[in-house]
Every structure is written in structure tokens, then in C-alpha cells.
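Undergrad: Handing you a structure now.
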Amino acid sequence: MTSTARIAQVLRGVLVAGVIGAATVGMAGNAAATVLTPAPTVLHTQLVDYDDDGGGGYEAPEAPAYEEPAYEAPEAPAYEAPEAPADDEPEPPAYEDPQPAEEAPAEAPAEETTPQEAPAEEPSEAPAEEAPAEAPSEAPAEAPAEAPAEAPAEDPQPAEAPADEAPVDPEPPVAPEPPADEPAPAGSSGDADPTTVTPASQTDVAAAEHATVVDANASTVSTSTVDEVRSEIMTEMTSTTSVTSWDRQVTQWNSSWISYDAYYRPVLLNPFRTPLQVFYTYGNVPRTVTVQPLSRAVFDVPDAGVYNFTGLRRTPSGALTSVSVGSFTGGGFVPAAGRPGPTKPVTPPASKNVLVRLQYANGNSEPFRVKQLTDLGDDATAHARRVLIDGTTSAWGHWTKTASGEKEFDITKTLQLPGLAGPGQSPIPGYQVVVQKH
């Protein structure tokens, strides 16, 4: 090989070594996470002296040593926390000023009825301006103090309403409606309302109660007188042209105006300022008694039993103003000297809210209820069972049962005008019942 060829070969090796070193430096610079500092590489190239044809040897100059530059990673900038959160924190002066915190809760309860509405108006400013410790403590303290103070002031008003509406003097009983399983059509059972009795004033009742009891001194009545009085009543009841102060309704006598003395004799009280004429039958004979205004009279009826009567009141000119029906119990008397006294008459107990029905020859009524009914037993003279309705009116009939099994008393006769007329198919005094004709 010639010397020129050797020199070219040496230079080629130097160039290759330089390329390899440059490539190594580039790869080290591209590494992002690892910093490589390779040791410096010294390339020693020694030219071998070859004797070419005995000529003098060529000594190649020594190549300079290559030093790879060291890679220095850039210094990361220091992290500084943003200052924005520091601006959002409440400033200490807001908590040091107590004046705004005291005014806010004082105005809220005065303007708003409920403490919940004040935070709803300013939700964003309330946390920054109001003191959290004072606002909640003052609002609840004021609200409960005002609410209970107003409540007791309103409570007495509902308590006074029932007292004003309560009736002072209740009217005669109203027949309740029949049960749901037997509904009544209009105008029958549901409309069986007792007629009202003209009430007497409490002052007059008290005056009559303190009046001295006098003997009734009943007298018998002739048949012609009985017929005359009965005709007068029936004419007025059916008349559509005559003018009268009577409402043409036979009412129930107030049973509280009947009492008994120490000998179990009935005492009848007249709480009105007009005379009361009483008709009744005793010993199968019609009798009459006149009880003076605001007075009391005692009846002698030693035979035990229930007796019905008709009471009439009139104007000073003699026109009828009231016709009522009642009853009393006999069996009391004043014993003769040395004789035993009477025993207390026994009256069967009354059943309340009893279902009844009118069964007449010309028609029947729908079932309706009466306030009370007393079973007096079988009446041989009437060939039926006798009952006392509301302690005032006698009726006859028989017991039966409804489809649901409830007891019902079917009425076939009533005593509308005792002492003036016998039992018949007449309306029940005190009730307005429609009889549906066949």
C-alpha cells in the first residue's frame, strides 16, 4: 500500500470517529429526563511507519483530543402560589366592627314576619358582612317570644262561639233521620219534624213554679160540650179562609211542666199569662180542669195508669191560640187517717230513637224515628199494643222487624185529642208525617 493510501485511510478513520462523537452528543441533548455526561474520548492515531521502497517514512501529525461538551439541564423556575385565594378570604376588619352585625338582625325581624326571609334577600353579602355568632342567637330569641304571646290572645274567641250558639231553651225533640239501610224519601221519614211549642219565658216559668199548689177540682163534661169543642178544633185545623192566631198544629206539652207531690199525685204547671183549659178522660168519663195563669194545680187520679190530656189556650175574646197534648201518671192519693199511703207508680222504661211507621187504611208512611217510646203493654179494649211516644201521645199497633232485623213499631191508631176524641187514624201530635195513599 502506498503512503498516500495510508494517509487517506487514517483521515477516513478520523472523520468516522468525529461523526460518531457528534451523534453521541446529539442523543445526549435530546434526553429529557436523564442528563448524560460521557467521559471524554481521546482518539490516538499512530501512523505506522511503513518502509515503502526504502523511502523515508511519513509521520502523520497527532490529531487533537476531542472533548464532548457537558449537557446542563435548564433550571426550573421557582413555583409561586397564586394570590387569588388570599383575596377571597374575609378581611379581619369585617369581624372587628360589631356595629353592622348588630343592626342586620335587628332590622330583619322588624320588617319580615319570619326569620328565614332575611338571608334569602342577600345571600352573597350575608357571610361577608354579618357576624356568624350573633345573628343566629338573636333571631331565634326574638321570634319565639312574639309567637306565643299572640296565640293565647286568639284562643278565647273560639271558646266563646259555642257558648253563644247553645240554645237556652231547647224546642221539642226532632225525629232523627232513619238509618242508612232504610233511606226515607222526601216528605216522609226524613221530614218528620216535631212542631214547635210556643215557649214560655223563664221568668213566667219561675213564677209558676213558686206558686202555691191548689186542687184541680175537675168537673165532668157533657157529651155536647165535648162535641162542640172538638168540632171547633177540627174546623180551625182544616180551614183555609178563617183568620186565627193559632198555627193549626197540635203540639206536644212540655213534660217538664208536670211534676208529682209527696203522694204521687200529678201537678200541672201553667207558665202562661192566659188560663189553660185541660180535657182528659178518667173512669171512662170526660173531665175538665182550668189552671189559672202562672199557677199550679194537683189532680186526683187514684187509679194507676197513664192518662193523656189536651190543653187549650185562648185569647181574651175566646179564639184558640194553642192546642197541646200531654200525659200524666195516676195512682197517687191522700190516704185516710190511719190508712197506709200509696206506693210509687211504676212506669216501664222508655226506649230512645225508636223506628216507627204509620199503617192506616188509606195509606202508609215511610219509617221514621221518635225521640223515645214506652211500651205500655197490650190494651184489651183496643185489641192492640199501647205505646207512649215522647211521654205525651198514646198510640196503638204492633211490633215488627225491618229487613235488616231492627225492631219497628207499626202504628194503626193514635190519640190526637185525648179527652175530646177517641183513638183513630190521625196524625201524631208533634210530628208532621206524610201518609202515602194506596
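Undergrad: Looking at (1) at pLDDT 95 or above; (2) among the hydrophobic types (A, V, I, L, M, F, W, C); (3) not assigned by TED's automatic domain parsing to the domain that holds Ser222, which one does Val285 not meet, given that it meets all the others?
TA: (3)
Undergrad: Now, a different point. Tell me the residue from Tyr264, Tyr282 that is closer than 24 Å to Gln372 by Cα, surrounded by 17 or more Cβ atoms within 10 Å (Cβ to Cβ) and touching a residue at least 60 places away in the same chain (Cβ under 8 Å), please. Lay out the reasoning, then the answer.
TA: Values: Tyr282 fails: closer than 24 Å to Gln372 by Cα.
Just a single option satisfies the conditions, and that option is Tyr264.
Undergrad: A further question follows. Could you tell me whether the stretch 247-268 includes any residue that is within 19 Å of Ala216 (Cβ to Cβ), among the β-branched types (Val, Ile, Thr) and in a loop (DSSP other than H, G, I, E, B)?
TA: no
Undergrad: Identify, from the list Gly332, Gly326, Gly318, the residue that is small (Gly, Ala, Ser), within 24 Å of Gln416 (Cβ to Cβ) and at pLDDT 95 or above.
TA: Values: Gly332 fails: within 24 Å of Gln416 (Cβ to Cβ); Gly318 fails: at pLDDT 95 or above.
That would be Gly326, the only listed residue that is small (Gly, Ala, Ser), within 24 Å of Gln416 (Cβ to Cβ) and at pLDDT 95 or above.
Undergrad: Taking the condition closer than 21 Å to Thr281 by Cβ, touching a residue at least 24 places away in the same chain (Cβ under 8 Å) and not assigned by TED's automatic domain parsing to the domain that holds Gln249, does Pro345 pass? Quick ask: steps written out before the conclusion?
TA: Details: closer than 21 Å to Thr281 by Cβ: yes; touching a residue at least 24 places away in the same chain (Cβ under 8 Å): yes; not assigned by TED's automatic domain parsing to the domain that holds Gln249: yes.
Here the answer is yes, as Pro345 does meet what is asked.
Undergrad: Please determine whether any residue of the stretch 274-287 is in a loop (DSSP other than H, G, I, E, B), in contact with a helix residue (DSSP H, G or I) (Cβ under 9 Å, 6 or more places away or on another chain) and of a type outside the set (Lys, Arg). Give the steps one after another, and end with the answer.
TA: Keep residues of the stretch 274-287 that are in a loop (DSSP other than H, G, I, E, B), which gives 274-275, 283-284.
Right, trim to in contact with a helix residue (DSSP H, G or I) (Cβ under 9 Å, 6 or more places away or on another chain) and you get none.
The answer is no, given that none of the residues of the stretch 274-287 is in a loop (DSSP other than H, G, I, E, B), in contact with a helix residue (DSSP H, G or I) (Cβ under 9 Å, 6 or more places away or on another chain) and of a type outside the set (Lys, Arg).
Undergrad: Right, next: Restricting to the stretch 342-373, give me the number of residues that are under 37 Å from the mean Cα position of the chain (by Cα), surrounded by 14 or more Cβ atoms within 10 Å (Cβ to Cβ) and not hydrophobic (A, V, I, L, M, F, W, C).
TA: We begin by selecting, within the stretch 342-373, every residue under 37 Å from the mean Cα position of the chain (by Cα); these are 349-357, 365-373.
When the remaining residues are screened for being surrounded by 14 or more Cβ atoms within 10 Å (Cβ to Cβ), the result is 350-351, 354-357, 365-373.
Of the ones still in play, those that are also not hydrophobic (A, V, I, L, M, F, W, C) are 351, 357, 365-367, 369, 371-372.
Number satisfying all stated conditions: 8.
Undergrad: May I ask you to list the residues in the stretch 384-423 that are closer than 27 Å to Val226 by Cβ and not in a strand (DSSP E or B)?
TA: If the condition is that a residue be closer than 27 Å to Val226 by Cβ and not in a strand (DSSP E or B), then Asp390, Gly391, Thr392, Leu415, Gln416, Leu417, Pro418, Gly419, Leu420, Ala421, Gly422, Pro423 are the ones that fit.
Undergrad: Consider Val250 carefully, then state whether it is touching a residue at least 40 places away in the same chain (Cβ under 8 Å) and surrounded by fewer than 20 Cβ atoms within 10 Å (Cβ to Cβ). Working first, answer last.
TA: Details: touching a residue at least 40 places away in the same chain (Cβ under 8 Å): yes; surrounded by fewer than 20 Cβ atoms within 10 Å (Cβ to Cβ): no.
So Val250 fails the test.
Undergrad: Continuing with the same structure: Looking only at residues that are out of contact with any strand residue (DSSP E or B) (no Cβ under 6 Å at 6 or more places or on another chain) and free of Cβ contacts under 8 Å to residues at least 60 places away in the same chain in the stretch 379-397, which one is farthest from Thr238 (Cα to Cα)?
TA: Top of the filtered list is Ala380.
Undergrad: Here are Thr402, Thr412: which of them is surrounded by 13 or more Cβ atoms within 10 Å (Cβ to Cβ), free of Cβ contacts under 8 Å to residues at least 60 places away in the same chain and in the same structural domain as Val387 (by TED's automatic domain parsing)? I'd like the intermediate steps shown before the answer.
TA: Numbers: Thr402 fails: free of Cβ contacts under 8 Å to residues at least 60 places away in the same chain.
Result of the check over Thr402, Thr412: Thr412.
Undergrad: Let me ask something else. Across the stretch 316-339, which residue is nearest to the chain's Cα centre (by Cα) among those that are closer than 22 Å to Val226 by Cβ and not small (Gly, Ala, Ser)?
TA: If we take residues in the stretch 316-339 being closer than 22 Å to Val226 by Cβ and not small (Gly, Ala, Ser), then Val325 is nearest to the chain's Cα centre (by Cα).
Undergrad: Sticking with this structure for a sec: Give the residue that is modelled with the lowest pLDDT, with candidates limited to residues of the stretch 260-282 that are hydroxyl-bearing (Ser, Thr, Tyr) and closer than 25 Å to Ile233 by Cα. Lay out the reasoning, then the answer.
TA: Of the stretch 260-282, the ones hydroxyl-bearing (Ser, Thr, Tyr) are 260, 263-264, 274, 280-282.
Filter once more, keeping what is closer than 25 Å to Ile233 by Cα: 274, 280-282.
Details: Thr274: 94, Tyr280: 98, Thr281: 97, Tyr282: 97.
That would be Thr274.
The values are calculated or read from the model by the stated rules, or taken from the named source; none is laboratory data. Please read these numbers as outputs of a predicted model, since none were measured by experiment. Because the Cβ atoms are built from the backbone with ideal geometry, glycine has one as well, and the counts that use them run over all protein chains shown.
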